[in-house]
Amino acid sequence: MNSPNQIQAEELLSVLFYSPNATAVYKDEDVKILSANEAMLKFWGKDQQIIGKDFCSALPELEGQPFFEILRNVWLSGETFIAKDYPAILLTNGFPEKFYFDFEYKAILDTDGKTKYILHTASEVTERRKAMEMVDEKSKSEQKLINDLSALNEEYLATNEDLISKHEELFAANNELLIIKRELLTANHTLSENEKRFKNLVEKSPVAMASLEGENFKVDIVNDKALHIWNKDRSVVGMPLSEALPELKNQPFLNILKEVYTTGKPYFGKELKAMLEKNGELTECYLNFVYQPTFDENNATGSILVVATDVTEQVQAREAIIEIKNRLEIALDASRLGSTEINLSTGAMDSTNQFKYNYGYRTEDEFTYLDLYQSILPEHRRRIKDLVKESIKNNEDYKAEYPVRWKDGSIHWIQAHGRPRFNKDGMADRMVGMNADITDKKLAEQRKDDFLSVASHELKTPLTAVRASIQLLNRLKEKPYSQTHIRLIEQSDKGIEKMCVLIDDLLNMSRLGQDQLMLEYHDFNLHEMLGKSCHYIRLEGKHKLILKGDESLEIYADEHRIEQVVINLVNNAVKYAKGSNEIHIFTETDPDYVKVSVRDFGQGIPEAVIPHLFDRYYRAEHIGKSYSGLGLGLYICSEIIKKHSGKIGVYSKIGEGSTFWFTLPQKKAGKVSLAAG
């Protein structure tokens, strides 16, 4: 299904299996696991043996958690479910452990709007959750300390008033004050330790983190991973973000930070594009990030914690895969190639629309391997079946051409390629293949074979007559010259003339095929040439040639080749329109071209025949009658006119006759040689 320079579908699945983004695909109401990549299996603590099982039996530890019901609801409703920071209890080394995930259950719908698959993508955010909890813990600790200080201050005032009124209690009050002071020092030390732990957490975090203070977003704390994404060093610490990263101007990040600072609501960014300076140039990267506000004692935003992950490689890889897929689809559509994957055990097929169309099926039609096999003509089925078996046995490609019958009864030829795919047990369970409709190619080959047969017959007939005449002349050579001699010589001359015409057609076809037909351009009177051509038909007296048009019309072309075209069209009118006593030849002019038409009043040509009249080797029957000839005349006429940069065609109606026409440009050119070299 791929071109030689493109990734194979199986290799593509292998690449996706090792993608760091956890992915799984489910089907049916019981949520059967069709596929799960390595990252998802790692989250679950499972291996490939769970593929094909239903969700509940594959992951019994999730019983009592809401995931199966959510999946089942997505399947039945067709509505996608998205969750952030969602808890899940999973087994780690045999023991349950709590993790947090961002995940999406996306319903993939078929053309009828019903759920066909569920795509499950997930990423673990446990560390992010812990970081946010630590931030929240710090905020609560700060708030508690502030409340404690406020209470202590009130006690201090009360104590001071007591000192004024009760001097005798001064010693006890001083002792209490010392105790409070020690508590305050302890609280300050605790706050300092918490700040150190928070800073250490940020700097050692496995993801990029930074803390931005105040309305101008001063860089307070930043770890190495964030500096790596920014392409900066620690000199940016203490600088407003707009000065540390001036390239952020006209990008959305500063406005998002202002919104978070003003509203106090966190912002979650997913695969947002950022243009960051690197070595003096702006470089494109994609980020997943969170802007989490932290609050002071007045519940106002004091700083914003930034947690980010660089997902540039994942985004670019996905876009590259999409681009490859699009190119593959364009290539397949352009070449009218169909592709499929067959489940050998069930006969189910996952086919492109073109693949089904090549067998006469519409996009919405169900199409199975049995349908394919039964469409093959019976005498070819055993051969194709044996080729498939041999391909599976030897693990090799198979290639075959065979006729199929469409549902409308028409016969078409298919060229098919395929190769088996094996499961982990070494058993062939799938077959991938491509096909193309080669009916036109087969018809062309048949026409060529028919042409060779006709050419042999057409040349043999006059040759036999000439040979017989010469043999008789040889027997009569000693006898006096008589009318018999004259008759035999005339018969030989007619036979040789007929052979010369046939051979000339063959030579012209050969020259056209090699692009070696020479055109000798010069000015000549078109009306005069038309009047002189076909003079032999006037002498026979069976048909009347009527010429109409501008008698002074001059054109610039190859007079001999144009006369050859006219003679061929007139001869066709004589041959195929025997009931037409008149043949009209008329010319028309236009600022850009000259048009010549030859009209007869014979039986006319069937509409189905007209598109093929100018094809090489085509010999049509007219109203059930067959005529001699190679079927090259109109093809040669068409090529001569095309090499003059003109056009040729025909109008016809049964019972009214036919009009063959051609046009020549009214533009002069120098002597033109159309030889290939």
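Quote to one decimal, in nm, the extra length available between L177 and R430 on full extension: 0.36 nm per residue of separation minus the C-alpha distance between them.
That pair, L177 and R430, stretches by 82.7 nm at full extension.
Ranked by accessible surface with a 1.4 Å probe, highest first, in what order do L387, L76 come?
Of L387, L76, the descending order of accessible area is L76, L387.
Residues with beta-carbon under 13 Å from that of G45, excluding G45: net charge, scoring Lys, Arg +1 and Asp, Glu -1?
It works out to a net charge of -3.
Can you pick out the pairs among K249/K278; K595/K642; K578/K653; K53/K389; K32/K270 whose Cα atoms lie more than 18 Å from each other?
Pairs exceeding 18 Å: K53/K389; K32/K270.
Could you work out the Rg to Rh ratio of segment 204-281, with Rh taken as the Kirkwood radius (inverse of the mean 1/r over all Cα pairs)?
Ratio of gyration radius to Kirkwood radius for segment 204-281: 0.93.
Thinking of segment 55-118 as a set of Cα atoms, what percent of all their pairs are more than 16 Å apart?
That fraction is 53 percent.
On a 1.4 Å probe surface of the protein chains, which of I146, I330, I256, I304 comes out largest in accessible area, and what is the full order?
Result, largest first: I330, I146, I256, I304.
For all pairs of alpha-carbon atoms in segment 49-182, what percent lies in each bin of width 10 Å, listed from the first bin to the last filled one?
10, 23, 18, 11, 10, 10, 10, 6, 2, 0
At 0.36 nm per residue, minus the direct Cα-Cα distance, what do E313 and N353 gain on full extension? Give it in nm, one decimal, please.
11.1 nm
Tell me, what is the 1.4 Å probe accessible area of R362, in Å² to the nearest 10?
Result for R362: roughly 140 Å² accessible.
Take the Cα atoms of segment 561-601, find their three principal axes, and give me the spread along each one in whole Å, biggest first.
36, 21, 10
Hey, with R₀ at 56 Å, roughly what FRET efficiency would K393 and K265 work out to, going by the Cβ-Cβ distance, to 0.05?
Once the sixth-power term is evaluated, E becomes 0.30.
Take segment 274-331, drop everything but the C-alpha atoms, weight them equally and run the Debye formula without solvent; then report log10 I(q)/I(0) at 0.15 Å⁻¹ to two decimals.
Each listed q maps to, in turn, -0.69.
Apply the Karplus parameterisation 6.51 cos²θ - 1.76 cosθ + 1.60, with θ equal to phi minus 60°, to every residue of segment 101-106 and state each ³J(HN,Hα) to the nearest whole Hz, in sequence, with x for glycine and proline.
Using θ = phi - 60°, the values come out as 9, 9, 8, 9, 9, 9 Hz.
Which FRET efficiency, nearest 0.05, do E213 and T368 yield, Cβ-Cβ r, R0 60 Å?
Efficiency, rounded to the nearest 0.05: 0.35.
Go through K84/K116; K325/K647; K46/K140 and tell me which ones have a Cα-Cα distance over 29 Å in this structure.
K325/K647; K46/K140
³J(HN,Hα) across segment 108-119 via Karplus (A = 6.51, B = -1.76, C = 1.60, θ = phi - 60°), whole Hz, x for Gly/Pro?
Values, residue by residue: 9, 9, 8, 5, 8, x, 9, 5, 9, 8, 10, 9 Hz.
Using a cut-off of 13 Å between beta-carbons, work out the net charge of the residues near K249 (Lys and Arg +1, Asp and Glu -1, K249 not included).
Residues close to K249 contribute a combined charge of -3.
Binning every alpha carbon pair distance of segment 28-93 at 5 Å from zero, what are the percents per bin?
3, 15, 25, 28, 21, 6, 1, 0
Per residue of segment 370-377, in order, report the coupling 6.51 cos²θ - 1.76 cosθ + 1.60 (Karplus, θ = phi - 60°) as ³J(HN,Hα) in whole Hz, putting x for Gly and Pro.
Per-residue couplings from phi come out as 5, 4, 4, 5, 6, 6, 5, 4 Hz.
What is segment 224-344 by shape, rounded, prolate or oblate, if you read a ≥ b ≥ c off the alpha carbon gyration tensor as root eigenvalues and call it rounded for a/c under 1.5, prolate for a/b larger than b/c, and oblate otherwise?
Prolate shape, in that a/c is at least 1.5 and a/b is the bigger ratio.
Hey, with R₀ at 56 Å, roughly what FRET efficiency would F99 and K595 work out to, going by the Cβ-Cβ distance, to 0.05?
According to the calculation, E is roughly 0.10.
What percentages make up the Cα-Cα pair-distance distribution of segment 105-160 when the bins are 10 Å wide from 0?
Taking every Cα pair in segment 105-160, the percentages come to 19, 18, 15, 15, 13, 9, 7, 3, 0.
The values are calculated or read from the model by the stated rules, or taken from the named source; none is laboratory data. Just so we're clear, the structure is a prediction, and the values are computed from it rather than from any experiment. Cβ sites come from the backbone with ideal geometry, for glycine too, and all protein chains shown count toward neighbours. Calculation scope for accessible area: heavy atoms of the full protein, side chains included, ligands and nucleic acids excluded. Shrake-Rupley method; radii C 1.70, N 1.55, O 1.52, S 1.80 Å.
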